[in-house]
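Below is one structure; the comments refer to it alone.
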């Protein structure tokens, strides 16, 4: 019985610790782990150029998306949302652009943005249709979280966000 009482706090603490991120490396491969081999591409040079261009597009889109918050432009913010958007916020999950917009609208009240964000890593699938952007979230010039957003190239050739989730950043205590 004593063992069970002792293990619960240990397991809970381990779960809390593992839920925090400490920076970009938290999203990469483990040291020494082999990445899965990429699928063969008929023309690797053309694919690389297309992927590099898509990465630039997603970076610019993410920056423009973040700028809507800085400029307090809610109408522009909504244009980046896919109709299928799913945003995670704590225990809440909002589905569809209308629910996401309703949840985010209060962040646009007031003269000063409550937070900001910027991408520091973007990956695009070889198909050029889906991308991940991730980066720091700032409050008062302090990194408080990391965002993870999935962008999809939609029929009108615009990148729109389909998934968004942030994770708190743990302070290193070494």
Subject >> Residue within the stretch 77-94 that is surrounded by 13 or more Cβ atoms within 10 Å (Cβ to Cβ) and in a loop (DSSP other than H, G, I, E, B) present >> reply: yes
Subject >> Residue match in the stretch 111-130 (condition: part of a helix (DSSP H, G or I), surrounded by 15 or more Cβ atoms within 10 Å (Cβ to Cβ) and free of Cβ contacts under 8 Å to residues at least 60 places away in the same chain) >> reply: no
**OP:** State the number of residues belonging to the stretch 136-158 that are more than 14 Å from the chain's Cα centre (by Cα), closer than 25 Å to residue 83 by Cα and part of a strand (DSSP E or B).
**Re:** 1
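Coordinate-derived values only; no laboratory data. The structure presented is a predicted model; accordingly, all values stated were derived computationally and were not measured. When we count neighbours, we look across all protein chains shown, and the Cβ atoms used for this are built from the backbone with ideal geometry, even at glycine.
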